[in-house]
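The values are calculated or read from the model by the stated rules, or taken from the named source; none is laboratory data. All values derive from a computational prediction rather than experimental measurement. Virtual Cβ from ideal backbone geometry, glycine too; neighbours counted across all protein chains shown.
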Amino acid sequence: MTLREVLDFFRFEARFGPLTALRDMATLPGTVLSGDGRELCRIARTLKAHKAKATFFFVGKTVHRYGKEIRLLRRAGHEIACHGFGHVLLSRLPLERISQELALAKEAFAKLGMKPLGFRPPYLDSSVEVEFACREVGFGYVSCRSHYGHLPNVFVKRPYDWERLVAGLRIPVTSARSCHLFHPRFVAARPELLETALERERFPKTLLQLSREKEGTGLSFDVY
């Protein structure tokens, strides 16, 4: 974890007011610090039990730590996608810096023999420049909370709404093509959230498959 990543976390949270920032401080270990490969294996077993498919977004600078887990996920039919190189706010950077970050991420995945087509900007925060750069380096879709038209978007439902999903409440969306977002560390702490989500909804497709269709709901995980 770099100082830049920590500062970007608090810069982003500050947009939503002090109460939200204070609440989300508790999520810092799960949204910036690296996870544990064992958590991914447990998630894979849970998904297999429910015959569900998911998309896993990995940060480029740590993707090499998860070679074994990535092979396991790919064999099970899950999608491996990109979450940037470092977990920084790309929307704050000029186009040249964004392109450099994406190139570094692509290189990190290439070392593992992978060429992911899906991209999720850190903090789900995109911009015209981010989408343009994604298209230029060969990504096929983006997954975030905003859309600028350069690539298909799989809209991310509001994070932290898993309790609403478990309670059977409707989660507002603005797109017919959307997905839920989980973090492996949160699943490790609250496994019942994922279990109940899988019981209430069916997730037969990856986000790459959804990006090529008009509607549907998917399941995704961000891995650091």
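The set of residues in the stretch 106-131 that are acidic (Asp, Glu) and surrounded by fewer than 20 Cβ atoms within 10 Å (Cβ to Cβ) comprises GLU107, ASP125, GLU129. With respect to THR46, is the statement that it is surrounded by 17 or more Cβ atoms within 10 Å (Cβ to Cβ), in contact with a Leu (Cβ under 7 Å, 6 or more places away or on another chain) and at pLDDT 95 or above true? For THR46, the condition - surrounded by 17 or more Cβ atoms within 10 Å (Cβ to Cβ), in contact with a Leu (Cβ under 7 Å, 6 or more places away or on another chain) and at pLDDT 95 or above - is not met.
Does GLU101 satisfy the criteria of being out of contact with any Phe, Trp or Tyr (no Cβ under 6 Å at 6 or more places or on another chain) and not hydrophobic (A, V, I, L, M, F, W, C)? It is false that GLU101 is out of contact with any Phe, Trp or Tyr (no Cβ under 6 Å at 6 or more places or on another chain) and not hydrophobic (A, V, I, L, M, F, W, C). Checking the structure you have, find out if any residue of the stretch 14-33 is modelled with pLDDT under 95, part of a helix (DSSP H, G or I) and under 30 Å from PRO204 (Cβ atoms). Yes - at least one qualifying residue is present in the stretch 14-33.
Number of residues in the stretch 179-205 that are under 20 Å from PRO116 (Cβ atoms) and either of a type in the set (Lys, Arg) or in contact with a Leu (Cβ under 9 Å, 6 or more places away or on another chain) (or both): the value is 7. When PHE85, PHE56 are screened for being farther than 17 Å from PRO184 by Cα and either crowded, with 22+ Cβ neighbours inside 10 Å or in contact with a His (Cβ under 8 Å, 6 or more places away or on another chain) (or both), only PHE85 passes. Could you please find all residues in the stretch 176-201 being part of a loop (DSSP other than H, G, I, E, B) and modelled with pLDDT under 85? Within the stretch 176-201, ALA176, ARG190, GLU201 qualify. Scanning the stretch 183-203 for residues that are within 19 Å of ALA49 (Cα to Cα) and exposed (fewer than 15 other Cβ atoms within 10 Å of the Cβ) gives PRO191, GLU192, GLU199, ARG200, GLU201, ARG202. Return a yes/no flag: does the stretch 73-88 have any residue that is farther than 19 Å from LEU210 by Cβ, in a helix (DSSP H, G or I), in contact (Cβ under 8 Å) with a residue 24 or more places away in the chain and among the hydrophobic types (A, V, I, L, M, F, W, C). No. Beta carbons closer than 7 Å, at least 6 apart along the sequence or on distinct chains, pair a first residue in the stretch 117-138 that is closer than 16 Å to GLU96 by Cα and among the acidic types (Asp, Glu) with a second that is part of a loop (DSSP other than H, G, I, E, B) and at pLDDT below 95 for GLU131/TYR148; GLU131/HIS150; GLU131/LEU151.
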